[in-house]
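Read through the structure below, which is laid out as structure tokens, and then see the notes.
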Amino acid sequence: MTFDETHHSPTQRVGGILLHVGIVLAAIAFLFPFFWMVTNAIRPNAEVLAVPPQLFPSDWQWSNFVYAWLYLPFGRFFLNSVIVAGGITILTLTVSSMAAYAFARLRFPFSDSLFVVYLATLMVPQAVIVIPLFLMMSWLGWMNSFQGLILPMAFSTFGTFMLRQYFLQIPKELEEAAMIEGCSRFTIFLRIILPLSRPMLGLLALFTFTGQWNSFLWPLIIVNGPDYSTIPLGLTLFQSQQGVQWNYMMAGSTISMLPGILLTLALQRYIFSGIAMGSGFGGR
Amino acid sequence: MSSKLAAAPSRAGTGRAKAILKDDRRAAFWFLLPSFLGLTIFLLVPLAASLVLSFTNWQLIGQSKFVGWRNYVNLISLDPSFWQVLRNTFHFTIEYLVLNIVISVTMAVWISNLRWGKSFFRLIFFLPTFTPLIGSAIVWLLIFTPGGFADFIFSTLHLPIPNLLTSPDLALQAIVIVSLWSGFGYNLLLFGAALEAIPQSYLDAAAIDGASSWQRFWRIKLPLISPTLFFGTVMTAITSLQVFDQVYALTRGGPGSATATLGFSIYRTGFAAYKMGYASAIAWVLFVIIMALTILQLRVQRRWVHYDL
């Protein structure tokens, strides 16, 4: 097919095989922590730090997942995470698509300068604003509340930036026709722009949701106790329980990682296309 | 941007065009209102407030007053732990950044040269990326814990390495390892996509001219992916300067302050010691570093990144 492949010498062929063997070994080493997590989740706690370490449990206690779920209110954490990440995602999509439409299509004074301000806010690290946000939340009485977990995190301008780029590619003729028919800007936005932007809105939803599912610092600061704890915060509660229950912690980690892994497996092409746009969807 | 806007409807000089313009302004107001209010309340006001707080001795309880530059002066001249925090942060960022970029570029090139399973292997290394860092960190905590799997490997191989988490000299390495494991898959994917976008004809032409695969990498592939490489480097640098989750889950900044980074120090000073004013000063040091880095890299970008293709 390509130059390399049509003219391979024996040394190149051996090289090709070595490349594959090497990457398989690297992948196995890389996956070891996942293996270690699951096999330790299902073994008796006394066996976790056995010397020498045993690769597989003597007794496969899948029931540990049930005990971990009951040991701390993991069902509650899971529900809280769904509410918080879901709420932030819905708000982010609504707010940033509206702003993006204004920047992409409407003419108003200082639009360029305002857009630069929106962009510049992306530079502000969360750690810089958490102290005043914490004071604001305690002043409002929003500590330990869903509004406190959701609202301050729902106004990232990243989506505005991404969606504006996308809206700019939509042909103007579609809107002009609708305007002649007498449609308002809002109708055009709802009926034409949003439906045409479904792929990008989906991508934004996916990255916002997973980012918020994994978020830790803000819940740590404004939540006390298990009632409003999200999953990452709940995992650290295991650490402060008396006596380290390693097997339950590993079961908890497995539960926390499962949604992200399943999403990655199910939507890999979609996720990879988002990252390939080089747009900085949640860089690490 | 402005040229596209100006090209919009024809400027027939009619009243209708003016009416549309007026309608546009009104619509823009309502379309922007929610985001503008949210940004102001939850970002711009807190940002300004944290700057103001950094010039006070706010402690959550008791009297607080303006202390001028004293917090900043104390940070630099009186607080030995701050220098350690700064050192830890830079040590982590530089080591993590270099390793992340080298590993992800190497692996991306390696995988792009495979005949079978390119997307499969990219997927494998990407798996931790969408999962909570706290989850990965707790798994690695079990591996690194005294008497854990890592210690077993070290002693079996007769390596004179002490337990990572309890060693002041090596604890930061544990943070680096966890961060690499859960983070490099993102850049691998980013760079992998850039490599795929290089036209095969360029590489074929170079091969016909007798360029070795080493030369093809340095002379063709690397320059052509440099915009993406630059972008990935900036993003990774900015996130790693803020490292927090891994530190919290693995070491809580310890032993001593051996792994306390700026992000962790803001948390510890503000929410464990309740020195909100002092913590805000640390936060602004972090912000200034990140701003400086962003500006510096935007300048550098102009000089060495090849955008023409």
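Quick notes
- Heavy-atom accessible area per residue - segment B:123-212, 1.4 Å, Å²: 34 Å²
- Figure note: B:His91, A:His20 ranked by solvent-accessible area, largest first, 1.4 Å probe, ligands and nucleic acids not counted: B:His91, A:His20.
- 25 °C / 0.890 mPa s Stokes-Einstein diffusion coefficient of segment A:56-164, Kirkwood radius on C-alpha pairs, µm²/s: 143 µm²/s
- Relative contact order, whole percent, for chain A stands at 31, derived from Cα pairs under 8 Å and 6 or more residues apart.
- Relative contact order (%) - segment B:150-309, alpha-carbon pairs under 8 angstrom, separation at least six: 24 percent
- Protein heavy-atom surface of segment B:70-304, 1.4 angstrom probe: 67% of the accessible area is carbon and sulfur, with nucleic acids and ligands not counted.
- Rg(Cα)/(2.2 N^0.38 Å) for segment B:208-309, N = residue count: 1.56
- Average partner coverage of A:104-114, which counts Cβ from other chains inside 10 Å: 5
- Our summary gives chain B a relative contact order of 26 percent, counting only alpha carbon pairs under 8 angstrom and 6 or more residues apart.
- Amide hydrogen neighbours beyond the local backbone of B:Thr56, cut-off 5 Å, H modeled: B:Val67
- Per-pair calculated FRET efficiency, R0 = 35 Å: A:Lys172 and A:Met123 via Cβ, rounded to 0.05: 0.65
- Positive dipole terminus of chain B, leading residue within B:Tyr248, B:Leu60, B:Leu75 (C-beta point charges): B:Leu60
- Apportionment of accessible area to carbon and sulfur, chain A, percent (1.4 Å): 68 percent
- These residues, B:Asp169, B:Asp79, A:Asp112, go from largest to smallest accessible area, 1.4 Å probe, as B:Asp169, A:Asp112, B:Asp79.
- Once the convex hull of all Cα atoms in chain B is built, its volume per residue stands at 235 Å³.
- Note: the protein assembly as shown, Cα convex hull, 193 Å³ per residue.
- For a label point 7 Å along the Cα-to-beta-carbon line of B:Phe217, residues of segment B:93-122 with backbone N under 14 Å: B:102-114
- Estimated vicinal HN-Hα couplings, Hz - segment B:45-57 in sequence order (Karplus 6.51, -1.76, 1.60; Gly, Pro = x): 4, x, 4, 5, 4, 5, 5, 4, 4, 5, 9, 10, 10
- Derived scalar couplings ³J(HN,Hα) [segment B:217-233; Karplus, 6.51 cos²θ - 1.76 cosθ + 1.60; whole Hz; x for Gly, Pro]: 5, 6, 8, 10, 5, 4, x, 6, 8, 4, x, 5, 4, 4, 4, x, 5
- Computed per residue of the protein assembly as shown from DSSP H runs no shorter than four, each worth -39500 (n - 2.57), the mean residue ellipticity at 222 nm is -21500 deg cm²/dmol.
- Summed side-chain charge close to A:Phe56 - residues other than A:Phe56 whose Cβ falls under 13 Å, Lys, Arg +1, Asp, Glu -1: -1
- Accessible area buried, both sides summed, chains B and A with 1.4 Å probe, Å²: 9500 Å²
The values are calculated or read from the model by the stated rules, or taken from the named source; none is laboratory data. Only a predicted model underlies this, so the values are computations on that prediction, with no experimental measurement involved. Note that we place each Cβ from the backbone using ideal geometry, even for glycine, and neighbour counts take in every protein chain shown. Ligands, DNA and RNA are excluded from the accessible area calculation, which covers all protein heavy atoms including side chains. Shrake-Rupley method; radii C 1.70, N 1.55, O 1.52, S 1.80 Å.
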